Amino acid sequence: MSSGLIHTLNILQESHHYNQWIYSLLEPYLSGVVLDIGSGLGDIASLFVRPQVEEVILSDYDENLVAKLRQRPFSLRKYRAVVLDLTQDEAVTQLKGERVDTITCVNVLEHIEGDTGALRRMRDMLKPRGRVVILVPALSCLYGTLDACVGHQRRYTQETLKTKMQSAGFHIEAWRYMNIFGVLTWFLAGRVLKQKKFFEKTCYQLDKIVPFLRGIERGFRPPWGQSLVMVGRIPNGVG
């Protein structure tokens, strides 16, 4: 894992309001056994306390991060941490044949060169009628130095992600952009100022206004945003 990405994870760990906002968009779709792909430090998955969630499987391809996840206490009903590399076909067997009800994948897919293949592997890990909840950085026009420093291969639009998910065998159940204000701040930081790292003070200040931004977007569906959430389901009779 790159030093830039580790630096970013450590800073975003303190972005409590932003993490809660992300969770609020995932939460309605979580049920049964939930596999979280690319858990990192576990900050998002630690919030999966919805009563409908029976167990949370935290995962990452980095064995050192998985070791940290195993040592960290979580206020979850039941959980475990496993090594899982979604870039490899063997990822399907790393759960030892187990299939799950829900997969969450937050800010991970954009790091994978073969993203459609990764989506197919997720599909193969799901039970019939299983569901995947994806959050990715949005809008290709925003791609800049910040994306490059954390290893983003791309950013997505609603149409490009929808096409890839359908190609992987998912029916699109729901989608929405989030954080319309972040379009401006990300463009300024990555395209204008050419920043190559996240600054702790700036992230802290932005996190303080998240409740305000979240309240605004609760009342309308933004036409674009810094991130994109999409929910896919395995169609009836398939799986």
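Bear in mind that the values in this text are calculations on the coordinates, not laboratory data. The structure displayed is predicted, hence computed values, not measured ones. Note that we place each Cβ from the backbone using ideal geometry, even for glycine, and neighbour counts take in every protein chain shown.
Quick check: the distance between the Cα centres of the stretch 137-175 and the stretch 181-239, to the nearest angstrom?
If you average the Cα positions of each part, the centres end up 13 Å apart.
Which residues' amide hydrogens lie under 5 Å from the amide hydrogen of V82, considering only partners 5 or more residues apart or on another chain, with H built in the peptide plane?
L58, S59, D60
At 7 Å along the Cα-to-beta-carbon direction for both Q153 and T185, put a label point, then send me their distance in nm to one decimal.
Those two pseudo-labels are separated by 2.8 nm.
Compactness ratio of the chain: Cα Rg over 2.2 N^0.38 Å, N = residue count?
Relative to the rule-of-thumb radius for its length, the chain sits at 0.96.
How big is the convex hull of the Cα atoms of the stretch 81-129, per residue, in Å³?
Convex hull of Cα atoms, per residue: 84 Å³.
In the chain, which longest range has no trypsin sites (Lys or Arg not before Pro) that are both DSSP loop (not H, G, I, E or B) and surrounded by at most 13 other Cβ atoms within 10 Å?
So the longest stretch without any such site is 97-193.
Just to be sure I follow the definition: excluding the sites themselves, where is the longest run in the chain that has none of the chymotrypsin sites (Phe, Trp or Tyr not before Pro) in a DSSP loop with at most 14 other Cβ atoms within 10 Å?
Between exposed loop sites, the widest span is 1-198.
Near the amide H of Y156, under 5 Å away, which other amide H atoms are found, from residues 5 or more places off or on another chain, if H is placed in the peptide plane?
A138, L139
What share of Cα pairs, in percent, lie more than 19 angstrom apart in the stretch 69-161?
Beyond 19 Å sits 50 percent of the P(r) for the stretch 69-161.
May I ask which of K96/K197; K127/K162; K78/K164 have a Cα-Cα span longer than 30 Å here?
Going by Cα-Cα distance, K96/K197; K78/K164 fall outside the 30 Å limit.
Just the number, please: Stokes-Einstein D of the stretch 174-235 in µm²/s, Kirkwood Rh from C-alpha pairs, 4 °C, 1.567 mPa s.
98
Looking at the chain only, what percent of DSSP beta bridges run antiparallel? Nearest 5 please.
40
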